[in-house]
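Peer 1: I have a structure I would like to understand better, so I am pasting it below and will then ask my questions one at a time.
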Amino acid sequence: MTDTKVNLGGLEMPTPVAAASGTFGYGFEYLGAVDYSKLGAVTAKGIRTEPWPGNAMPRHCEVPGGLVNAIGLQGTGVDHFLEYTVPWYRQQVAGVPLVANIWGASVEGYAEVAAKMGDSVDAIEMNVSCPNVKAGGHTFGQDPAVLGEVVAAVRKATRLPLLVKLAPNVPSIVPYVKACEDAGADALSLINTIPAMVIDIERRVPVLANVTGGLSGRGIHPAAVKLVYDAHRATKLPILAMGGVYGAKDAIEFLLAGATAVAVGTATFTNPGVIAEVYDGIVTYCERQGFASVRDLVGALKEG
Amino acid sequence: MTDTKVNLGGLEMPTPVAAASGTFGYGFEYLGAVDYSKLGAVTAKGIRTEPWPGNAMPRHCEVPGGLVNAIGLQGTGVDHFLEYTVPWYRQQVAGVPLVANIWGASVEGYAEVAAKMGDSVDAIEMNVSCPNVKAGGHTFGQDPAVLGEVVAAVRKATRLPLLVKLAPNVPSIVPYVKACEDAGADALSLINTIPAMVIDIERRVPVLANVTGGLSGRGIHPAAVKLVYDAHRATKLPILAMGGVYGAKDAIEFLLAGATAVAVGTATFTNPGVIAEVYDGIVTYCERQGFASVRDLVGALKEG
Amino acid sequence: MTDEKSTVVSHEEIGSGYRRLVVEAPALAEAVTPGQFVHVRVPALEASALRRPFSVFDAEGGRITILYKEVGRGTAALGQVRPGDALNVMGPLGRGFPEKCDGAALLVGGGYGVAPLYFLAKRLVASGAAAGPVKLFAGGRTKADLLAIDRFEALGGVEVRLATNDGSAGVKGLVTDPLDDELISLRNAGSRFEIFACGPDPMLRAVAMRATGTGAKGWISMDRHMICGVGVCYACIQKTVRGNSRCCVEGPVFAAEDLVWD
Amino acid sequence: MTDEKSTVVSHEEIGSGYRRLVVEAPALAEAVTPGQFVHVRVPALEASALRRPFSVFDAEGGRITILYKEVGRGTAALGQVRPGDALNVMGPLGRGFPEKCDGAALLVGGGYGVAPLYFLAKRLVASGAAAGPVKLFAGGRTKADLLAIDRFEALGGVEVRLATNDGSAGVKGLVTDPLDDELISLRNAGSRFEIFACGPDPMLRAVAMRATGTGAKGWISMDRHMICGVGVCYACIQKTVRGNSRCCVEGPVFAAEDLVWD
């Protein structure tokens, strides 16, 4: 019987398979289609101080190997989230930790949302890498110095396990990893979507109202594995890996590259059963390879 | 009859469809399988001062939507290239411009290769973004200041049209574009492969001997379009766009985003006929949309 | 809601690119109400392809029927499924039509938009939950775009009015032409009514305007490209008086007075 | 070399996961020589999937025959092609075996490695370009892995020696066992010979050692994963005395003395 419990920077996860922010709503929408007993954590949709309408339509475009989206973080504000969403989630879903994904238009905005969360959620994931909002989002994730500043501010505002979700489009992930480490982050989330664009050649306009969007899905997985591998070699911080997990093999690659847990995202849209498939596949792999715990897989590459 | 001639920073191309460096050898290997009358330019495999053995095997891995490779720029040195390869190419292939792709382990190395080329080729493309060699390659492309230095050195060494091939994994392409512009580049090549990694989970080792590699193919196209779009808005330099061109639609997206020409790369491996298909599709599109010249497509987006 | 591993019972071409798909899906068939939709994983597409949403045409005896037109890559690939094939069908999803009607029930459909209206008409006729007559107003470009008219007639007591752009069936013009005649006579008679509509956006807008204009209740089923179908992704947005609403959860059926048109 | 739009003539299972594929490809069949290969686009795979290389088993009457085993995703998908299907076949590619032999021609094959050796034997028998007898040494795990033995025998005058790991056919052991017996008797007789080999790497290495050890010419066909098949990508590298050589251009057949083994 494989031990599937992992600790992600203080967040106790019953399994190493989480649901990625933005692809699992507020955690209860997939009830009936997802086996929650195999889910290690739910990362809720991005939350800021006030409600946010998101971008104009169209907001997405299917592409080979995945999806380009520019939803733009539409969501209820933190007050509604705490008053209605969290209690409803707790009532509907027992035993699966809830991670609040937060963002802001300013350092103070990030800190305010984090502070308001108090201890009503189990961890906080900072989104500093959303490519689809003008103010906030990726603007805080592009420069290690600015990144360190906003992470430090949120760190002061909360005692919850703190994850920072980083952007993939960097020459090297290391300075960003170090900035998070120095600013007191407990874990890293890798990766956010890759900036992308699709053009309607007949109408000669961008398909997305936001012009550009973020690429997710199967095609980005090898790029995500590389970033997780680089980050793991640069830090002791645990890593929640995401990007193109469509099956257990994809997840196991992440774990071997150094991730402590993985998140399933875009694949859920096509197949909500993927969460259970990934969990089952990891357990089978551990049995086959003789690992007593999924924790033994973390960074377990046999190199040169 | 659509006018398909384009001028890429001084390089006169009979058609806007080029073959990308590293996927078309030295230009003559595909004779018999490719219709060269529809080819606008051949970008030869990377050349440096001395012969280079490249990386250990395995050097590639097929992935959904494309390919991860770490060939490592194996190639003959510039002397052999000039003495045997170029004359052979000129004899075998008439009327298709030859672009030499160059790289080096030092600024001087880049300049020396460029100088030696003299005017025996039709243009030079500097590779400052190969993810698969330790010294040289991407090390010169990661920092705009270093990039400017190496481009300026090559600019001094040659009067040929000078293209600079940039890396996709940057927070913003703009400072790199500006650095090339200021250093006297004539055009930009976008994009090189995206750093990536594939793991053999049963053997628990990286699939590639080089551990990491570069992701190319269909899946990266939306990311490439976004970078071409960003670059075009930041500069007047013409752009040779590459990354996941598997058909005319992909190429036309690049042109509308601001590219002056496109290069077909990984798709050629699966279908050498893709070059003709892309050319034919662009011509048909121009006729359907009422464009007299493919030059009219460049950046011809109707934005809100 | 479940993601039911269903089995294809039958799959027929019914002309002009329209197809009828019947799947064995007991839980779904039991639970689904008119105007709700199902989210289908298309087997012939690549593993990463998104699901496609379809409103339910009929649900009976553990089976659900979908009426669709080949309009793109997804519906083209769906056309390849054969009886006996397994099909992942998630649902029932979204908010459907009310199953009662205070007065005459005016069902207005364009093209395959009649699909959920048939399911609604069937239920209203069976339950007698409409205080007035049930009338179908179906429109399309040509006769070939008027679907399942015989099925509506077979329900008994459903009056059918047709309109085609080319006049190949019913009146020559838009479906709103016979609808307007009806609205006038209803107003003159002082009769109450509600409108239930599904079809292309311009038709829905025209119908919604008439509902709000006459002060009658209008129930408008919006058709949007979707990703998740369950409300997690926020891609299928329709502007309403409550802001950006999700067609897959707050819809696809909206009250006419709530809709905001650009 | 051409990228020929070929048509599948026949495609048969020949047991134990092995298949024989025959395609109509006149230009290719005319030009290909033993040991050369073709690069096949597999229709059932996604548009971005790489081609798969196969050495030619036979070429005659405008048709080429491939003998292959289902070993992965590509060969599994290739198994779906049916007679009449179109197939993109690029070739002939690479450097094959010499078509003459100074002395006895010892053909050594492991598993489907006998494929190019059959084509070679056929040509040598027909041309009489071998100064000595043509002998086949075929090995495999079991009897089922010994392919087309009847075809070799049908050529006439080709002596066949078999070896299997489990002894289910021929001698129990490795193919190098009967080969070594032959080498000893040839040396004792002072006869000249050349070795032509295709099969798994360990077998090829063992055979190459014997060629260089006896001072005889050895022609070794290397099997590597390929991308382009035409020499542009430099993925299918074999270390040789000349450095990193491409199996698709400098090979797949290399002189034994040129090979460098890790």
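Peer 1: Within the stretch B:1-49, how many residues turn out to be part of a strand (DSSP E or B), in contact with a Phe, Trp or Tyr (Cβ under 8 Å, 6 or more places away or on another chain) and surrounded by fewer than 24 Cβ atoms within 10 Å (Cβ to Cβ)?
Peer 2: 0
Peer 1: Among the residues of the stretch B:32-50, write down those that are within 21 Å of B:Asn132 (Cβ to Cβ) and touching a helix residue (DSSP H, G or I) at 6+ places or on another chain (Cβ under 7 Å).
Peer 2: Answer for the stretch B:32-50, where residues must be within 21 Å of B:Asn132 (Cβ to Cβ) and touching a helix residue (DSSP H, G or I) at 6+ places or on another chain (Cβ under 7 Å): B:Ile47, B:Arg48, B:Thr49.
Peer 1: On to the next question. Looking at C:Gly167, C:Gly199 in this structure, which one is without any contact (Cβ under 8 Å) to a residue 24 or more places away in the chain, assigned by TED's automatic domain parsing to the domain that holds C:Gly128 and of a type outside the set (Ser, Thr, Tyr)?
Peer 2: Exactly one of C:Gly167, C:Gly199 is without any contact (Cβ under 8 Å) to a residue 24 or more places away in the chain, assigned by TED's automatic domain parsing to the domain that holds C:Gly128 and of a type outside the set (Ser, Thr, Tyr), namely C:Gly167.
Peer 1: Next question. What is the one condition in (1) touching a helix residue (DSSP H, G or I) at 6+ places or on another chain (Cβ under 6 Å); (2) of a type in the set (A, V, I, L, M); (3) more than 12 Å from chain B (Cβ to nearest Cβ); (4) crowded, with 23+ Cβ neighbours inside 10 Å that D:Leu259 does not satisfy?
Peer 2: The one condition D:Leu259 does not meet is (4).
Peer 1: Next up: Mind listing whichever residues of the stretch A:186-206 are in a loop (DSSP other than H, G, I, E, B), more than 9 Å from chain B (Cβ to nearest Cβ) and surrounded by 23 or more Cβ atoms within 10 Å (Cβ to Cβ)?
Peer 2: The answer is A:Ile191, A:Asn192, A:Thr193.
Peer 1: Same structure, new question: From the set of residues in the stretch C:233-249 that are outside any loop (DSSP other than H, G, I, E, B) and facing another protein chain (nearest Cβ under 7 Å), which is nearest to the chain's Cα centre (by Cα)?
Peer 2: Here the answer is C:Ile237.
Peer 1: Pull up the stretch D:1-54, narrow it to residues that are out of contact with any helix residue (DSSP H, G or I) (no Cβ under 9 Å at 6 or more places or on another chain), within 14 Å of chain B (Cβ to nearest Cβ) and of a type in the set (D, E, K, R), then point me to the one that is surrounded by the most Cβ atoms within 10 Å (Cβ to Cβ).
Peer 2: Filtering the stretch D:1-54 for residues that are out of contact with any helix residue (DSSP H, G or I) (no Cβ under 9 Å at 6 or more places or on another chain), within 14 Å of chain B (Cβ to nearest Cβ) and of a type in the set (D, E, K, R), the one surrounded by the most Cβ atoms within 10 Å (Cβ to Cβ) comes out as D:Asp3.
Peer 1: Moving on. Any residue that is in a strand (DSSP E or B) and either crowded, with 24+ Cβ neighbours inside 10 Å or not polar (S, T, N, Q) (or both) - is there at least one of those in the stretch D:112-129?
Peer 2: No - not one qualifying residue is present in the stretch D:112-129.
Peer 1: Only one of A:Val68, A:Val17 is aliphatic (A, V, I, L, M) and more than 30 Å from A:Val198 (Cα to Cα). Can you tell me which?
Peer 2: Sole residue among the options that is aliphatic (A, V, I, L, M) and more than 30 Å from A:Val198 (Cα to Cα): A:Val17.
Peer 1: While we're on this one: Quick check on my filter: what residues within the stretch B:233-244 are surrounded by fewer than 24 Cβ atoms within 10 Å (Cβ to Cβ) and either assigned to a helix (DSSP H, G or I) or among the small types (Gly, Ala, Ser) (or both)?
Peer 2: Selection gives B:Arg233, B:Ala234.
Peer 1: For residues that are touching a helix residue (DSSP H, G or I) at 6+ places or on another chain (Cβ under 7 Å), away from chain B (no Cβ under 12 Å) and not hydroxyl-bearing (Ser, Thr, Tyr), scanning just the stretch D:62-96, find the one that is surrounded by the fewest Cβ atoms within 10 Å (Cβ to Cβ).
Peer 2: Once the filter is applied, the top-ranked residue is D:Gly62.
Peer 1: So, in the stretch C:130-159, exactly how many residues are among the small types (Gly, Ala, Ser), buried (at least 23 other Cβ atoms within 10 Å of the Cβ) and in a loop (DSSP other than H, G, I, E, B)?
Peer 2: Of the residues in that region, 1 qualify.
Residues are listed down the side, and each one gets a yes or a no for (1) under 30 Å from A:Arg218 (Cβ atoms); (2) in contact with a His (Cβ under 8 Å, 6 or more places away or on another chain); (3) among the small types (Gly, Ala, Ser):
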| position | (1), (2), (3) |
| --- | --- |
| B:Ala41 | no, no, yes |
| B:Pro53 | no, no, no |
| B:Gly72 | yes, no, yes |
| B:Leu82 | no, no, no |
| B:Gly95 | no, no, yes |
| B:Ala111 | no, no, yes |
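Peer 1: Turning to a different aspect of this structure: Return the residues of the stretch D:202-221 that are surrounded by fewer than 14 Cβ atoms within 10 Å (Cβ to Cβ) and within 27 Å of D:Asp145 (Cα to Cα); say none if nothing qualifies.
Peer 2: The answer is D:Pro202, and nothing else.
Peer 1: Go through the stretch B:108-125 residue by residue and tally those that are touching a strand residue (DSSP E or B) at 6+ places or on another chain (Cβ under 6 Å) and assigned to a helix (DSSP H, G or I).
Peer 2: 3
Peer 1: Can you pull out the residues in the stretch D:13-33 that are touching a residue at least 24 places away in the same chain (Cβ under 8 Å) and closer than 21 Å to D:Asp145 by Cβ?
Peer 2: D:Ile14, D:Gly15, D:Ser16, D:Gly17, D:Tyr18, D:Arg19, D:Arg20, D:Leu21
Peer 1: If only one of A:Asp143, A:Asp122 is surrounded by fewer than 21 Cβ atoms within 10 Å (Cβ to Cβ) and either under 17 Å from the mean Cα position of the chain (by Cα) or basic (Lys, Arg) (or both), which one is it?
Peer 2: Of the residues listed, the single one that is surrounded by fewer than 21 Cβ atoms within 10 Å (Cβ to Cβ) and either under 17 Å from the mean Cα position of the chain (by Cα) or basic (Lys, Arg) (or both) is A:Asp122.
Peer 1: Follow-up. Kindly provide the set of residues from the stretch B:94-111 that are buried (at least 19 other Cβ atoms within 10 Å of the Cβ) and over 18 Å from B:Ala70 (Cα atoms), ordered by number.
Peer 2: B:Val96, B:Pro97, B:Leu98, B:Val99, B:Ala100, B:Gly109, B:Tyr110, B:Ala111
Peer 1: Follow-up. Please give the number of the condition D:Ile227 fails out of (1) in contact (Cβ under 8 Å) with a residue 60 or more places away in the chain; (2) surrounded by 17 or more Cβ atoms within 10 Å (Cβ to Cβ); (3) closer than 25 Å to D:Glu99 by Cβ.
Peer 2: (3)
Here is a yes/no grid of residues against (1) in a loop (DSSP other than H, G, I, E, B); (2) facing chain A (nearest Cβ under 9 Å); (3) hydroxyl-bearing (Ser, Thr, Tyr):
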| position | (1), (2), (3) |
| --- | --- |
| B:Gly184 | yes, no, no |
| B:Leu208 | yes, no, no |
| B:Val211 | yes, yes, no |
| B:Val225 | no, yes, no |
| B:Tyr246 | yes, yes, yes |
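Peer 1: Across the stretch A:50-61, which residue is farthest from the other protein chains (Cβ to nearest Cβ) among those that are out of contact with any strand residue (DSSP E or B) (no Cβ under 8 Å at 6 or more places or on another chain) and either within 19 Å of A:Ala114 (Cβ to Cβ) or surrounded by fewer than 23 Cβ atoms within 10 Å (Cβ to Cβ) (or both)?
Peer 2: Looking at residues that are out of contact with any strand residue (DSSP E or B) (no Cβ under 8 Å at 6 or more places or on another chain) and either within 19 Å of A:Ala114 (Cβ to Cβ) or surrounded by fewer than 23 Cβ atoms within 10 Å (Cβ to Cβ) (or both), I get A:Glu50.
Peer 1: Among the strands (runs of 3 or more DSSP E) confined wholly to the stretch C:1-102, which include 1 or more residues that are within 16 Å of the chain's Cα centre (by Cα)?
Peer 2: Correct list: C:18-24, C:37-40, C:52-60, C:63-69, C:86-93.
Peer 1: Let me ask something additional. Would you pick out the residues in the stretch B:43-87 that are among the aliphatic types (A, V, I, L, M) and in contact with a Pro (Cβ under 7 Å, 6 or more places away or on another chain)?
Peer 2: Correct list: B:Val63, B:Val68.
Peer 1: Right, something else. Working only within the stretch B:248-282, note down all residues that are away from chain A (no Cβ under 14 Å) and more than 23 Å from B:Asn69 (Cα to Cα).
Peer 2: Scanning the stretch B:248-282 gives B:Thr260, B:Ala261, B:Ala276, B:Glu277, B:Tyr279, B:Asp280.
Peer 1: Can we say D:Ala105 is without any contact (Cβ under 8 Å) to a residue 40 or more places away in the chain, buried (at least 16 other Cβ atoms within 10 Å of the Cβ) and under 30 Å from D:Asp177 (Cα atoms)?
Peer 2: It is false that D:Ala105 is without any contact (Cβ under 8 Å) to a residue 40 or more places away in the chain, buried (at least 16 other Cβ atoms within 10 Å of the Cβ) and under 30 Å from D:Asp177 (Cα atoms).
Peer 1: Output the residues belonging to the stretch D:119-131 that are under 15 Å from D:Val253 (Cβ atoms) and touching a Lys or Arg at 6+ places or on another chain (Cβ under 6 Å).
Peer 2: Matches in the stretch D:119-131: none.
The values are calculated or read from the model by the stated rules, or taken from the named source; none is laboratory data. Here the structure is a predicted model, which means the values were calculated and not measured. Virtual Cβ from ideal backbone geometry, glycine too; neighbours counted across all protein chains shown.
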